Each structure stands twice: as structure tokens, then as C-alpha cells.
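Enquirer: A single structure is presented below for examination.
The values are calculated or read from the model by the stated rules, or taken from the named source; none is laboratory data. The shown structure was predicted, so the numbers you read here are calculated from the model rather than taken from an experiment. Here the Cβ positions follow ideal geometry from the backbone for every residue, glycine too, while neighbour counts run over all protein chains shown. The protein model used for the area step is the full one, side chains on, heavy atoms only, and it has no ligands, DNA or RNA in it. Shrake-Rupley method; radii C 1.70, N 1.55, O 1.52, S 1.80 Å.
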Amino acid sequence: MKHTLIHGDCLNSLRVGMYDTIFADPPDNIGLKYDSYKDKAPEGDYIDWLYRCISLFVIHARSVWVSYNSRWSFAVGWKVYELLREYPLLEAKHCVQTFTFGQHNHRDLGNNHRPLLRLRWKNAPLFPDSVRVASWRMLNGDKRANPIGRVPGDVFDFPRVTGNSKQRRAWHPTQLNEGLVERCLKLTTPPGGTVLDPFGGTGTTLRVCERLGFGCTLIELDRKYCDKIAEEHSLAVQ
């Protein structure tokens, strides 16, 4: 399966075409230290930029997943409402990633979740059988259990990729769990389908696509991260 790695800004580098799935994990705008760009824009500018990205993604994919920081939940929700009014054939589903090992806070409730938005055109296929998991009945020997398992709900229980994780690439400040990305891609991408990740990061989406047999296109703004991905996967940077 052919994969493509593009060095550039996703708003300028997203080429003509249609993908089965876009999986996007944009910068959170919380001041993290990336190699060559600043992760701290004025709030209004960041929200407008995020809306421009999502608006572009939905015209280039049958299904779009967006993982974002929970502090932007209300702003993203309002922007998605506007998008659904503009495109009546588009539908949205709100999911959430939960994790036990979250940020500890002595003053208030800590943050133990990350919103996960799915935007999907109403004629886009879903493949629920591909993401079935063992049910409680299966795990406890109940003969009434469906032998093929159950389709999981919209709460994705995958831990954060922290410093001691085997998945961790220490040269990048953030990284999503590969199991989370895999479930999303399998649900919305047909066998042999195509996937775009507009924020390549550590190449998580590419590693998952290689396992699943999907064609993957990555766009990454930072040249250092492009080179790291290219080295790991023997790819040329375009």
C-alpha cells in the first residue's frame, strides 16, 4: 500500500481528492513546545483556524475524526452547529476518550477526558463489525453472549501515551494512543481504503494504517518531525 508524507501547512497542502477518512489531532493551543512553531495563538484566532481546518476536511473526506482539547468544547460545538446548518447532509457524533491517568488538580476536578468529534456524510459507510469487542457476558462465561462480541459505545477508554509507554516517541510533545486511532479508522474506512492525517506528528496514523492495509497520506508542518517519520518508515518527504 502506497503512503505519502508531505511537508507543509494542511490548509495549503491538502490536495484535490477525496479520502475515506481524515483523522485530525490538531495542536491544542496550550503553549506546548513544538520544534519550529508556536502553540499559543490568541483564542479567537485559534478557534477560527480550527473551524477553517474542519470546514476544509469535510469536503475532502467521507468521514472526519477530530481529537481536540476539552477546553475548546463549547467553541467547537457552536462551530459544528454552524457547519451542520451549512451542510444538511452532514451529521455529527460526539465521542470522548477517557483516561484514568489524567492531570491532577488539588483545587477542582481534574481533566480525564479528551473530546473526539466525528463528522460524516450521511451516505458514508460504517463498518461496526470491524470494531467489535468482547462483551461482559463473553468475559464472564454467559452462554447468552453474542459470540462475535459487541459494538463498543462512544466512550473510548484508551490511556494517554505518557513517557513510559512503549508507543512513545520522545522527540514530540504529544501523541495519541494507537488503539484509539485504530478503532476510529476501522469504523469508517473500507478494506484497502484511504486515510489522511493533516497533522502528522509522530506518525501514529501511518503506523496504524500500515497494520490495517490502508493507504495513508500525512501532512506535517514541522520539518524535523517529517524527517523523523520518514526515517522510521523509509519514506521520501514531498
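Enquirer: Tell me, what HN-Hα J-couplings in whole Hz come from the Karplus equation 6.51 cos²θ - 1.76 cosθ + 1.60 at θ = phi - 60° for each residue of the range 46-63, using x for Gly and Pro?
Expert: Each residue's phi maps through the Karplus curve to give 5, 5, 5, 4, 4, 5, 4, 4, 4, 4, 6, 4, 5, 8, 10, 8, 6, 9 Hz.
Enquirer: Check which residues have an amide H placed less than 5 Å from TYR19's amide H, if you skip close sequence neighbours.
Expert: ALA61, ARG62
Enquirer: Something else now. Expressed as a whole percent, how much of the Cα-Cα distance distribution for the range 41-121 exceeds 18 Å? Don't skip to the end; give the middle numbers.
Expert: On the way: 1472 of 3240 pairs.
The answer is 45 percent, as a whole percent.
Enquirer: On average, how much area does the Cα convex hull of the range 165-214 cover when viewed from any direction, in nm²?
Expert: Directional mean of the projected Cα hull area for the range 165-214 stands at 3.5 nm².
Enquirer: Which value results for Rg/Rh of the range 76-161 when Rg is the Cα radius of gyration and Rh the Kirkwood radius based on the inverse mean 1/r?
Expert: Numbers: Rg = 17.4 Å, Rh = 16.0 Å.
On the Cα set of the range 76-161, Rg over Rh gives 1.09.
Enquirer: Express the accessible area of the chain per residue in Å², computed with a 1.4 Å probe while the remaining protein chains stay in the model. Please list the in-between numbers first.
Expert: Details: 12630 Å² over 238 residues.
For the chain, the solvent-accessible area averages 53 Å² per residue.
Enquirer: Another one. Could you tell me the extents of the chain's C-alpha atoms along the three principal axes, largest first, rounded to whole Å?
Expert: Principal-axis extents of the Cα atoms in the chain, largest first: 56, 49, 42 Å.
Enquirer: Using Cβ-Cβ distances only, list the Cys residues of the chain with no partner cysteine under 4.7 Å, sorted by number.
Expert: CYS10, CYS53, CYS95, CYS184, CYS226
Enquirer: Would you mind telling me the antiparallel percentage of the DSSP bridges in the chain, rounded to 5? Can you show the working numbers first?
Expert: Details: 16 of 35 bridges.
Here the antiparallel bridges make up roughly 45 percent for the chain.
Enquirer: Once you've got the Cα coordinates, tell me which of LYS33/LYS166; LYS38/LYS122; LYS38/LYS228 are over 27 Å apart. If you can, show how the numbers build up before the last one.
Expert: Numbers: LYS33/LYS166 22 Å; LYS38/LYS122 37 Å; LYS38/LYS228 19 Å.
Pairs exceeding the cut-off: LYS38/LYS122.
Enquirer: Using the Karplus curve 6.51 cos²θ - 1.76 cosθ + 1.60 with θ = phi - 60°, work out ³J(HN,Hα) for each residue of the range 162-174 in order, rounded to whole Hz, and write x for Gly and Pro.
Expert: For the range 162-174, the Karplus curve yields 9, x, 9, 6, 5, 7, 5, 10, 5, 7, 10, x, 9 Hz.
Enquirer: Choose one answer from LEU185, LEU117, LEU90: the residue with the largest mean-square fluctuation in a GNM of the chain with alpha-carbon springs under 10 Å.
Expert: Judging by the Gaussian network model, the answer is LEU90.
Enquirer: So, one more: Sticking with the crude label model, points 7 Å out along Cα→Cβ, report the distance from ARG85 to THR98 in nm, one decimal please.
Expert: 3.3
Enquirer: Please give the length that would be gained between TRP171 and LYS38 if that part of the chain were fully extended, namely 0.36 nm times their separation in residues minus their C-alpha to C-alpha distance (nm, one decimal). All intermediate terms of the calculation are to be shown ahead of the outcome.
Expert: Working: separation 133, 0.36 × 133 = 47.88 nm, distance 1.61 nm.
Net length gain for the segment: 46.3 nm.
Enquirer: Suppose each label sits 7 Å from its Cα in the direction of the beta carbon; what would the THR4-ASN111 distance come out to in nanometres?
Expert: In this crude spin-label approximation the distance works out to 3.3 nm.
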